[in-house]
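A.B. asks: My structure is below; once you've seen it, I'll send some questions.
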2 protein chains.
Amino acid sequence: MSIVKVCCVGVSVDGFSAGPRQSLENPLGVGGPALMGWAFPTRTMQQKVFGAAGGETGIDDDFAARGFANTGAWILGRNMFGPVRGPWPDDSWRGWWGDNPPYHVPAFVLTHHPRASIEMAGGTSFHFVTDGIHAALERARAAAGTRDVRIGGGVATIRQYLQAGLVDEVHLALAPALLGSGESLLGGIDLTALGYECTEHAGTPSAMHVVLSRRAAASGAPPPSGG
Amino acid sequence: MSIVKVCCVGVSVDGFSAGPRQSLENPLGVGGPALMGWAFPTRTMQQKVFGAAGGETGIDDDFAARGFANTGAWILGRNMFGPVRGPWPDDSWRGWWGDNPPYHVPAFVLTHHPRASIEMAGGTSFHFVTDGIHAALERARAAAGTRDVRIGGGVATIRQYLQAGLVDEVHLALAPALLGSGESLLGGIDLTALGYECTEHAGTPSAMHVVLSRRAAASGAPPPSGG
């Protein structure tokens, strides 16, 4: 079954999924990389993101791999795609990830500013969606076919999709990191009221992994075209 | 060295350390016991709190035991002591824990309503402090001598002591539980700005344990008599 999912999002002790002062040098914000301490050493991240051999296997890697498995399309917020703000000055920014990004499927970038699609190496393509989160989800579902749509982030994008009742499953990694400030992932969002419950967990020395799923009874909430 | 510490506080995926609708039946709020799922099976909790033999050993138990070790006095919020609100109608409420509470040292209860001290079995005594958190800490320090003062909770009490810069060390257990609403432990408190950093962590299948410590450089903040 095709689902809409959020995967591999680190959460700090104080509830932040990105640190303060995001920039070209600190795409995850100051202190943000500590949220992904569980992920960086895994085989999945080493191979898919860093293009390196080796890497650790085990529960942390299993969760990293699940995030990529059966994913047919991604949705990314503008800031996750890059540090450029406002209208695109030119087409030179092509994402943080080099010529061969780790997606290998279509990725839909939310933006207020139109831009032509880009075809990258390895099967990734970036498409710029200017008419909102529901439109982006419709296009991503069509592209994904029978596979899943993964909401890649950042925090603001994930919060919008959660609050609109559009996410079926959320995997979070509670990380041993203190950020003090940054972007709160769940502040002000009552996931219980939205129909979520914790359906799976697995603790490792590096993170407490939790999977939140939306109860079937709650699935009658806003459909993709409802907002 | 005597320190002021917070220990064994469970935190939900969404940042709550107590569930909603606390009552006589739900002293931790609805859903709150899930925050302590890591603790209930431990040998320390089984023996000290439930008076039972056996219980599990290991990292979870080590953290539970640390919370009691070298503790010379406790500070408890009114709601942690009991569900009675407003002026004490009589002396019949003597805590949640029966005749022999698990403290075995003096415990100072914050309240706006005077009440005479109570001597319980096993060395626990309850003292009711009506002149604020700094006064309670002074009395607790005097009672503890060379041992530590543990801020037992609940959430509002811990937050007050954190915001006043009076806590040296905080042990939290990030739990695989979703509460939706309740009492946020750290919402609106910038622990990094207050001088804390994550100095220790240990993940188990039941919780991610983190220890936050205040840097020495930050220890010039409000002294016990400064507020």
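A.B. asks: Looking at A:T111, A:T199, A:T146, A:T192, which is the one that is buried (at least 16 other Cβ atoms within 10 Å of the Cβ) and in contact with a strand residue (DSSP E or B) (Cβ under 8 Å, 6 or more places away or on another chain)?
C.D. replies: Exactly one residue qualifies, and that residue is A:T111.
A.B. asks: Given the conditions (1) at pLDDT 95 or above; (2) surrounded by 20 or more Cβ atoms within 10 Å (Cβ to Cβ); (3) under 20 Å from B:H209 (Cβ atoms), report the number of the one that B:G67 does not fulfil.
C.D. replies: (1)
A.B. asks: Residues in the range B:182-201 that are at positive phi and without any contact (Cβ under 8 Å) to a residue 60 or more places away in the chain: how many?
C.D. replies: 2
A.B. asks: Report the residue count in the range B:160-185 for those that are buried (at least 24 other Cβ atoms within 10 Å of the Cβ), within 26 Å of A:L194 (Cα to Cα) and within 7 Å of another protein chain (Cβ to nearest Cβ).
C.D. replies: Within the range B:160-185, residues that are buried (at least 24 other Cβ atoms within 10 Å of the Cβ), within 26 Å of A:L194 (Cα to Cα) and within 7 Å of another protein chain (Cβ to nearest Cβ) number 4.
A.B. asks: Name the residue that is nearest to B:N70 (Cα to Cα), counting only residues in the range B:95-139 that are of a type in the set (D, E) and not in a loop (DSSP other than H, G, I, E, B).
C.D. replies: B:E138
A.B. asks: Determine, yes or no, whether B:N70 is in contact with a Pro (Cβ under 9 Å, 6 or more places away or on another chain) and under 26 Å from B:L174 (Cα atoms).
C.D. replies: Against the criterion (in contact with a Pro (Cβ under 9 Å, 6 or more places away or on another chain) and under 26 Å from B:L174 (Cα atoms)), B:N70 does not qualify.
A.B. asks: Something else now. Is there a residue in the range A:130-147 that is over 27 Å from A:G31 (Cα atoms), β-branched (V, I, T) and free of Cβ contacts under 8 Å to residues at least 24 places away in the same chain?
C.D. replies: The first filter runs over the range A:130-147 and keeps only residues over 27 Å from A:G31 (Cα atoms), leaving A:130-147.
Filter once more, so that each one left must be β-branched (V, I, T): A:130, A:133, A:146.
Remaining after also requiring free of Cβ contacts under 8 Å to residues at least 24 places away in the same chain: A:130.
Within the range A:130-147 (the criterion being over 27 Å from A:G31 (Cα atoms), β-branched (V, I, T) and free of Cβ contacts under 8 Å to residues at least 24 places away in the same chain), the answer is yes, since at least one residue qualifies.
A.B. asks: Next up: If a residue has to be within 14 Å of chain A (Cβ to nearest Cβ) and in contact with a Pro (Cβ under 6 Å, 6 or more places away or on another chain) to count, how many in the range B:10-50 make the cut?
C.D. replies: Final tally of qualifying residues: 2.
The values are calculated or read from the model by the stated rules, or taken from the named source; none is laboratory data. This structure is a prediction, so every number in the text was calculated from the model and none was measured. Every residue, glycine among them, receives a Cβ derived from its backbone with ideal geometry; neighbour counts consider all protein chains shown.
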